[in-house]
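Enquirer: Take this structure first; my questions come after.
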Ligand SMILES: [Zn+2]
């Protein structure tokens, strides 16, 4: 018995398979991550055309049978985001965004906020490929943590509970830490803290300026939160 699913999705990865097929990693608003096969997708006269490239936002019909992979039976483009393909920085940022989401939310649970965040990220890169920087990628990942229910505490001390100025961060405690608790984490300067707080308050198309040291600290906040609370590792936010 097979079930038909009509959904929209973003193509996270598109892998050549066999002589003419493609295996797709899709992210959907209501069914999380789905693996699918598009048979004959690489033939010149394929009915799918060029609608199954990475980062495209599509609406599609899937047939789900007994196996792990659903079968694509029809595809329409919602947004091709072709501007992303014009810039190496935008392409790299889009790929790291899809990879981070794929690692953090790899099951069938719905995370509509994460889907919308990725769609906003791709739309922003498409409109302005200059946004494709490591700073944008760190801001995206921080927002992704929030969408996944893993938001780090960014005020007060997550170890002793003191409501004081903070000087560090502890992934294990899940938040910023005070002077007295520094042995439990790593240093987080004022600039890095400001970047994290401002990134959460602003849209992904308006990431705050940040220097390299502060960005490294902010990236470490995201990386250690993910390692401690989701037991996974993310690729670096960018080549530096
Ligand atoms: Zn403390």
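The values are calculated or read from the model by the stated rules, or taken from the named source; none is laboratory data. This structure is a prediction, so every number in the text was calculated from the model and none was measured. Because the Cβ atoms are built from the backbone with ideal geometry, glycine has one as well, and the counts that use them run over all protein chains shown.
Enquirer: Which of the residues that make up region 197-220 are farther than 22 Å from residue 129 by Cα and buried (at least 20 other Cβ atoms within 10 Å of the Cβ)?
Expert: Of everything in region 197-220, those that are farther than 22 Å from residue 129 by Cα and buried (at least 20 other Cβ atoms within 10 Å of the Cβ) turn out to be 214, 217, 218.
Enquirer: Sticking with this one: In region 89-104, is there at least one residue being surrounded by fewer than 23 Cβ atoms within 10 Å (Cβ to Cβ), modelled with pLDDT of 95 or more and either within 16 Å of the ligand (Cβ to nearest atom) or part of a loop (DSSP other than H, G, I, E, B) (or both)?
Expert: No - not one qualifying residue is present in region 89-104.
Enquirer: Does residue 169 satisfy being modelled with pLDDT of 95 or more, within 16 Å of the ligand (Cβ to nearest atom) and closer than 20 Å to residue 100 by Cβ?
Expert: yes
Enquirer: Continuing with the same structure: Return yes when residue 194 is within 19 Å of the chain's Cα centre (by Cα) and away from the ligand (no atom under 16 Å from the Cβ) and no when it is not.
Expert: It is false that residue 194 is within 19 Å of the chain's Cα centre (by Cα) and away from the ligand (no atom under 16 Å from the Cβ).
Enquirer: How many residues does region 73-88 hold that are touching a helix residue (DSSP H, G or I) at 6+ places or on another chain (Cβ under 7 Å) and in a helix (DSSP H, G or I)?
Expert: Final tally of qualifying residues: 4.
Enquirer: Please work out which residue is farthest from the ligand (Cβ to nearest atom), limiting yourself to region 180-191 and to residues that are within 26 Å of residue 208 (Cα to Cα) and part of a helix (DSSP H, G or I).
Expert: Only one residue tops the list, namely 191.
Enquirer: I want to confirm something. Restricting to region 150-163 and keeping residues that are more than 25 Å from the chain's Cα centre (by Cα) and surrounded by fewer than 16 Cβ atoms within 10 Å (Cβ to Cβ), which single residue is farthest from the ligand (Cβ to nearest atom)?
Expert: Filtering region 150-163 for residues that are more than 25 Å from the chain's Cα centre (by Cα) and surrounded by fewer than 16 Cβ atoms within 10 Å (Cβ to Cβ), the one farthest from the ligand (Cβ to nearest atom) comes out as 163.
Enquirer: What number of residues within region 197-218 are in a helix (DSSP H, G or I) and either closer than 19 Å to residue 237 by Cα or within 10 Å of the ligand (Cβ to nearest atom) (or both)?
Expert: Residues that pass the stated criteria total 11.
Enquirer: Give region 51-72 a look and list any residue that's part of a loop (DSSP other than H, G, I, E, B) and surrounded by fewer than 19 Cβ atoms within 10 Å (Cβ to Cβ), or say none.
Expert: 53, 65, 66, 67, 68, 69
Enquirer: Which count do you get for residues in region 123-173 that are in a helix (DSSP H, G or I) and out of contact with any strand residue (DSSP E or B) (no Cβ under 9 Å at 6 or more places or on another chain)?
Expert: Total satisfying the criteria: 20.
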